[in-house]
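Input: a single structure, listed below in structure tokens.
The values are calculated or read from the model by the stated rules, or taken from the named source; none is laboratory data. All figures in this text were calculated on a predicted structure; none of them were measured in a lab. Using ideal geometry, Cβ is built from the backbone for each residue, glycine included, and neighbour counts are taken over all protein chains shown.
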Ligand SMILES: [Zn+2]
């Protein structure tokens with residue numbers, strides 16, 4: 001199974017609407033499955049949109065407002081039912097450890113999931129998930145709230161004809177990959193002579209926050225930026241007041257960060273139609289899309305090789 005694809009489970013902020021569930025996104029990344037911010041009703045959405053609970057290997061919580069975590073108990077209990085003993089890593093703001101404890105202990109149930117807690121504290125933390133690195137960085141939301149960036153390591157592809165040309169083969173080629181240079185018959189050969197570097201894929205998740213430097217850093221050159229756009233431009237004052245972003249600001253963030261693609265989410269329930277969000281962001285970042293519950297979006301391949 002090799003796929004890197006985002007399934008949109010819910011796109012509403014604060015309360016669900018008739019057409020939009022509370023927050024929730026599922027990122028399939030090869031064998032791993034990362035569930036982002038399971039708001040209320042996420043278990044139901046997973047069923048509707050065919051995301052098996054047994055696929056969840058990681059859960060990332062940005063913060064502990066209800067629209068981002070009320071679905072956690074249900075999802076964990078579903079995982080325990082479908083795959084007893086399954087290992088699931090959960091990443092969350094450690095400052096509110098007690099809220100997580102409450103969520104995990106809010107019903108009578110058999111807690112048959114091996115839950116590995118990776119609490120995040122301070123301004124920034126980097127974690128090695130094995131298949132990629134995960135960065136958490138504190139956003140600007142009034143309460144502790146982390147944005148995330150998943151980053152695949154850069155790859156080097158060695159070109160057989162160039163290897164032959166430079167007389168590099170077998171163990172020498174391996175060493176070249178590891179050390180960046182080797183000597184062949186008195187001549188130094190560097191990676192750039194015989195291969196191309198390709199940046200790894202990356203995914204940035206920025207919610208709930210004002211537009212800020214930290215968000216910009218997380219989104220920098222990301223293959224896909226999943227970004228909140230709670231308000232339209234006409235409510236820019238509310239965005240500032242409640243520590244959220246407008247669609248225009250999300251577009252600006254993506255443009256300034258050089259993101260490969262922008263998917264908007266976390267829309268205020270006051271709007272039934274989200275076309276205006278895509279239009280406003282699209283004026284700044286062409287191709288911006290407003291996510292709809294149930295959408296599936298492939299993580300784009302980075303367009304630019306390093307050299
Ligand atoms: Zn929210």
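At-a-glance table
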| quantity | calculated |
| --- | --- |
| Every pair of residues 6+ apart whose Cβ atoms lie under 7 Å, when the first sits in the stretch 61-72 and is closer than 15 Å to residue 148 by Cβ and not assigned by TED's automatic domain parsing to the domain that holds residue 100 while the second is assigned to a loop (DSSP other than H, G, I, E, B) and at pLDDT 95 or above | none |
| Residue satisfying all of: in the stretch 168-186; touching a residue at least 12 places away in the same chain (Cβ under 8 Å) and out of contact with any strand residue (DSSP E or B) (no Cβ under 8 Å at 6 or more places or on another chain); nearest to residue 239 (Cα to Cα) among these | 184 |
| Among residues of the stretch 48-65, those that are out of contact with any strand residue (DSSP E or B) (no Cβ under 8 Å at 6 or more places or on another chain) and either modelled with pLDDT under 95 or part of a helix (DSSP H, G or I) (or both), counted | 2 |
| Residue ID - farthest from the ligand (Cβ to nearest atom), chosen from residues in the stretch 213-233 that are more than 18 Å from residue 7 (Cα to Cα) and out of contact with any helix residue (DSSP H, G or I) (no Cβ under 9 Å at 6 or more places or on another chain) | 213 |
| Lone unmet requirement of (1) under 19 Å from residue 139 (Cα atoms); (2) in contact with a helix residue (DSSP H, G or I) (Cβ under 8 Å, 6 or more places away or on another chain); (3) crowded, with 22+ Cβ neighbours inside 10 Å for residue 14 | (3) |
| Matching option when the condition is touching a residue at least 40 places away in the same chain (Cβ under 8 Å), surrounded by 14 or more Cβ atoms within 10 Å (Cβ to Cβ) and in contact with a strand residue (DSSP E or B) (Cβ under 6 Å, 6 or more places away or on another chain), among 259, 254 | 259 |
| Of all residues making up the stretch 4-22, the number that are under 15 Å from the mean Cα position of the chain (by Cα) and within 16 Å of the ligand (Cβ to nearest atom) | 4 |
| Checklist (1) crowded, with 17+ Cβ neighbours inside 10 Å; (2) in contact with a strand residue (DSSP E or B) (Cβ under 7 Å, 6 or more places away or on another chain); (3) touching a residue at least 60 places away in the same chain (Cβ under 8 Å) applied to residue 141, failing item | (2) |
| Odd one out for residue 25, checked against (1) within 16 Å of the ligand (Cβ to nearest atom); (2) in contact (Cβ under 8 Å) with a residue 60 or more places away in the chain; (3) in contact with a helix residue (DSSP H, G or I) (Cβ under 9 Å, 6 or more places away or on another chain); (4) within 16 Å of residue 293 (Cβ to Cβ) | (3) |
| The stretch 174-183, residues that are in contact with a helix residue (DSSP H, G or I) (Cβ under 6 Å, 6 or more places away or on another chain) and at pLDDT 90 or above | 182 |
| Elements of type helices (runs of 4 or more DSSP H) contained in the stretch 166-266, each with 2 or more residues being within 26 Å of the chain's Cα centre (by Cα) | 213-219, 236-241, 247-257 |
| Options 270, 279: the member that is without any contact (Cβ under 8 Å) to a residue 60 or more places away in the chain, within 16 Å of the ligand (Cβ to nearest atom) and over 26 Å from residue 123 (Cα atoms) | 270 |
| Selection count, the stretch 150-165, where residues are assigned to a helix (DSSP H, G or I) and exposed (fewer than 13 other Cβ atoms within 10 Å of the Cβ) | 4 |
| Filter pass, residue 244 being buried (at least 21 other Cβ atoms within 10 Å of the Cβ) and on the phi > 0 side of the Ramachandran plot | no |
| Selected residue [away from the ligand (no atom under 15 Å from the Cβ), touching a helix residue (DSSP H, G or I) at 6+ places or on another chain (Cβ under 7 Å), farther than 21 Å from residue 151 by Cβ and in the same structural domain as residue 25 (by TED's automatic domain parsing)] from 259, 247, 236 | 247 |
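The rows are residues; the columns are (1) surrounded by 20 or more Cβ atoms within 10 Å (Cβ to Cβ); (2) within 16 Å of the ligand (Cβ to nearest atom).
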{"site": "48", "(1), (2)": "no, no"}
{"site": "60", "(1), (2)": "yes, yes"}
{"site": "99", "(1), (2)": "no, yes"}
{"site": "112", "(1), (2)": "no, no"}
